[in-house]
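The values are calculated or read from the model by the stated rules, or taken from the named source; none is laboratory data. The structure displayed is predicted, hence computed values, not measured ones. Cβ: placed from backbone, ideal geometry, glycine included. Neighbour counts: every protein chain shown.
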Amino acid sequence: MIGICSYGGYIPRYRLKRTAVYQAVGWMNPGNIANATGEKAVANFDEDSITMAVAAGLEALGGMDRSMAEGIYFASTTMPYKERLNAGIVSAALGLNDHIRAADFSGGLKAGTSALLSALDGIEAKRLNNIVVAVSECRLGKPSSPQELIFGDAAAALVVGDQDVIAEFKGSYSVTYDFADHYRGQSAKYDRQWEDRWIRDFGFDQFIPEVVSGLLSKFSLKIEDFTKIIYDCHYPAARKKLNKILRIVPEADQSNFQAEIGQSGTAQSLVMLVNALEEAKAGDKVLVISFGSGCDALYFEATEHINNKAKNKGISEYLANKAELDNYTKYLVWRNILPGDAGLRAEEDVWTRWS
């Protein structure tokens, strides 16, 4: 039996109310008021996708013997380094051993499930034992853009193995398309996005039913067999439409935390999965769907070991432990969108040829 042995999550403590953002820059895009409800999770000035992945990884590893980990896979589209192994930094911070396989997964919003599937394949092939999969995102939306309000920062981590499995991996189904709903070039700071109706009508409305239908057919299942169904769609009307098309009942529709966290990119589907596992009981079937240049659908079933798993903070405790970021300008300074002068001593050192 292979699958998930442990899980962890991390949500930054600070939350920025979307109304505060709209009050500051809504004059540039009045139609953005449709997105100005709830709040978004905001990484602190000293946090990034690596530090958040480490925080989630520490939760997932808990009291486990870290010498047992033989792999670390890190997925994000906002890694600090383009040429330095980010997964290696996460591994060192988690205190994992040096004789470990490490890899970065990026380039699309389903990179998180791609990393998870690669880890599951490695366990199934008996190449590695106990792989840590960490996903994290800290994306920027251009001021006054819908993405500034929609995006949120979050991280999740899973330990995958074949001992004491709490959620058995039953199988998967994937589709891949070069669907340019949004993108970010090599030197770009912000995402660029096409019209919402293009993303809704030819993205979510097409890909998610296709991948769900493919998985159900492959494993001779019905949508009613699943206790929880996890998929990423931050458009409320489109989500309601998809639930109707797919016949997903309200009890099975896992919250996407759009009003509490925001859309967390590669971390989105696994953050939702961690929250579902917090509440799962033995025998529960869980369907996880990621969206981004296509879709991945993964099928898990909770085992009896989930009843004995020691509870950690998961996602729910981080959701409750929050503080309001009461100043939009402070957020801009934290993200280096608005340059601030903190004095000569606070300036960065000038690089030398020995740096």
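Across the range 1-38, which residue is nearest to residue 234 (Cα to Cα) among those that are among the polar types (S, T, N, Q) and assigned to a helix (DSSP H, G or I)?
Of the range 1-38, the ones among the polar types (S, T, N, Q) are 6, 19, 23, 29, 32, 35, 37.
Right, trim to assigned to a helix (DSSP H, G or I) and you get 19, 23, 32, 35.
Values: 19: 18, 23: 22, 32: 14, 35: 10 Å.
This residue is 35.
Run down 300, 291 and say which single residue is in contact with a Cys (Cβ under 9 Å, 6 or more places away or on another chain) and aromatic (Phe, Trp, Tyr). Give the steps one after another, and end with the answer.
Numbers: 300 fails: in contact with a Cys (Cβ under 9 Å, 6 or more places away or on another chain).
Sole residue among the options that is in contact with a Cys (Cβ under 9 Å, 6 or more places away or on another chain) and aromatic (Phe, Trp, Tyr): 291.
Within the range 41-79, track down each residue that is under 26 Å from residue 149 (Cα atoms), touching a helix residue (DSSP H, G or I) at 6+ places or on another chain (Cβ under 7 Å) and either of a type in the set (Ser, Thr, Tyr) or modelled with pLDDT under 95 (or both).
Residues satisfying the conditions are 45, 76, 77, 78.
Listed residues 107, 112; which is at pLDDT below 95 and closer than 18 Å to residue 80 by Cα?
Working: 112 fails: at pLDDT below 95.
Sole residue among the options that is at pLDDT below 95 and closer than 18 Å to residue 80 by Cα: 107.
When the residues of the range 246-273 are narrowed to those that are surrounded by fewer than 24 Cβ atoms within 10 Å (Cβ to Cβ) and in contact (Cβ under 8 Å) with a residue 60 or more places away in the chain, which ends up nearest to the chain's Cα centre (by Cα)? It would help to see each step written out before you state the result.
As a first pass, look at the range 246-273 and keep what is surrounded by fewer than 24 Cβ atoms within 10 Å (Cβ to Cβ): 246-260, 263.
Narrowing the set further to residues that are in contact (Cβ under 8 Å) with a residue 60 or more places away in the chain leaves 257-260, 263.
Values: 257: 11, 258: 12, 259: 15, 260: 14, 263: 8 Å.
Per the stated criteria, the residue is 263.
Quick check on the range 229-243. Is at least one of its residues assigned to a helix (DSSP H, G or I), modelled with pLDDT of 95 or more, touching a helix residue (DSSP H, G or I) at 6+ places or on another chain (Cβ under 8 Å) and among the β-branched types (Val, Ile, Thr)?
no
With (1) over 21 Å from residue 127 (Cα atoms); (2) part of a loop (DSSP other than H, G, I, E, B) as the list, and residue 92 as the residue in question, which single condition is left unmet?
Unmet for residue 92, out of (1) over 21 Å from residue 127 (Cα atoms); (2) part of a loop (DSSP other than H, G, I, E, B): (2).
Look at the range 292-332 and say how many of its residues are surrounded by 15 or more Cβ atoms within 10 Å (Cβ to Cβ) and either touching a residue at least 60 places away in the same chain (Cβ under 8 Å) or within 30 Å of residue 214 (Cα to Cα) (or both). Working first, answer last.
Residues of the range 292-332 that are surrounded by 15 or more Cβ atoms within 10 Å (Cβ to Cβ), as a first pass: 292-303, 305-306, 309, 312-316, 318-319, 322, 325, 328, 330-332.
Checking the rest, the ones that are also either touching a residue at least 60 places away in the same chain (Cβ under 8 Å) or within 30 Å of residue 214 (Cα to Cα) (or both) come to 292-303, 305-306, 309, 312-315, 318-319, 322, 325, 328, 331-332.
Within the range 292-332, residues that are surrounded by 15 or more Cβ atoms within 10 Å (Cβ to Cβ) and either touching a residue at least 60 places away in the same chain (Cβ under 8 Å) or within 30 Å of residue 214 (Cα to Cα) (or both) number 26.
Of the residues that make up the range 263-279, is at least one part of a strand (DSSP E or B), within 25 Å of residue 318 (Cα to Cα) and either among the β-branched types (Val, Ile, Thr) or out of contact with any strand residue (DSSP E or B) (no Cβ under 9 Å at 6 or more places or on another chain) (or both)? So that I can check it myself, show each step before the final result.
So in the range 263-279, the residues part of a strand (DSSP E or B) come out as 263.
From what's left, within 25 Å of residue 318 (Cα to Cα): 263.
Next, from what is left, pick out any that are either among the β-branched types (Val, Ile, Thr) or out of contact with any strand residue (DSSP E or B) (no Cβ under 9 Å at 6 or more places or on another chain) (or both): none.
No: the range 263-279 contains no residue that is part of a strand (DSSP E or B), within 25 Å of residue 318 (Cα to Cα) and either among the β-branched types (Val, Ile, Thr) or out of contact with any strand residue (DSSP E or B) (no Cβ under 9 Å at 6 or more places or on another chain) (or both).
When you scan the range 97-201 for strands (runs of 3 or more DSSP E) that lie fully inside it, which ones turn up with 2 or more residues that are surrounded by fewer than 24 Cβ atoms within 10 Å (Cβ to Cβ) and touching a residue at least 12 places away in the same chain (Cβ under 8 Å)?
Working: elements: 101-105, 131-137, 154-161, 167-176.
The qualifying strands (runs of 3 or more DSSP E) are 101-105, 167-176.
Is the range 63-82 home to any residue that is more than 27 Å from residue 288 (Cβ to Cβ), touching a Leu at 6+ places or on another chain (Cβ under 9 Å), touching a residue at least 12 places away in the same chain (Cβ under 8 Å) and not basic (Lys, Arg)?
Checked against the condition, which is being more than 27 Å from residue 288 (Cβ to Cβ), touching a Leu at 6+ places or on another chain (Cβ under 9 Å), touching a residue at least 12 places away in the same chain (Cβ under 8 Å) and not basic (Lys, Arg), the range 63-82 yields at least one hit.
State all residues of the range 280-291 that are crowded, with 19+ Cβ neighbours inside 10 Å and outside any strand (DSSP E or B); if no residue qualifies, say none.
If the condition is that a residue be crowded, with 19+ Cβ neighbours inside 10 Å and outside any strand (DSSP E or B), then 280 is the only one that fits.
From (1) in contact with a Cys (Cβ under 6 Å, 6 or more places away or on another chain); (2) farther than 27 Å from residue 331 by Cβ; (3) β-branched (Val, Ile, Thr), pick out the condition that doesn't hold for residue 78.
(2)
Step by step: first the residues of the range 6-42, then only those that are β-branched (Val, Ile, Thr) and more than 19 Å from residue 266 (Cα to Cα), then the one that is surrounded by the most Cβ atoms within 10 Å (Cβ to Cβ). Which residue is that? Reasoning before the result, please.
Keep residues of the range 6-42 that are β-branched (Val, Ile, Thr), which gives 11, 19, 21, 25, 33, 37, 42.
From what's left, more than 19 Å from residue 266 (Cα to Cα): 19, 21, 25, 33, 37.
Details: 19: 15, 21: 23, 25: 17, 33: 13, 37: 14.
Result: 21.
Just to be sure I understand, how many residues within the range 292-327 are farther than 17 Å from residue 233 by Cα and in a strand (DSSP E or B)? Lay out the reasoning, then the answer.
Residues of the range 292-327 that are farther than 17 Å from residue 233 by Cα, as a first pass: 299-327.
With in a strand (DSSP E or B) added as a condition, the list becomes 299-302, 323-324.
The qualifying residues number 6.
Applying the selection to the range 39-64, what residues are outside any loop (DSSP other than H, G, I, E, B) and of a type in the set (A, V, I, L, M, F, W, C)?
Step one: list which residues in the range 39-64 are outside any loop (DSSP other than H, G, I, E, B), which gives 39-42, 49-61.
Within the range 39-64, 41, 42, 50, 52, 53, 54, 55, 56, 58, 60, 61 qualify.
Could you check how many residues of the range 68-78 are more than 14 Å from residue 153 (Cβ to Cβ) and either small (Gly, Ala, Ser) or surrounded by 24 or more Cβ atoms within 10 Å (Cβ to Cβ) (or both)? So that I can check it myself, show each step before the final result.
Pass one, the range 68-78, residues more than 14 Å from residue 153 (Cβ to Cβ): 68-75.
Filter once more, keeping what is either small (Gly, Ala, Ser) or surrounded by 24 or more Cβ atoms within 10 Å (Cβ to Cβ) (or both): 69, 71-75.
Here the count works out to 6.
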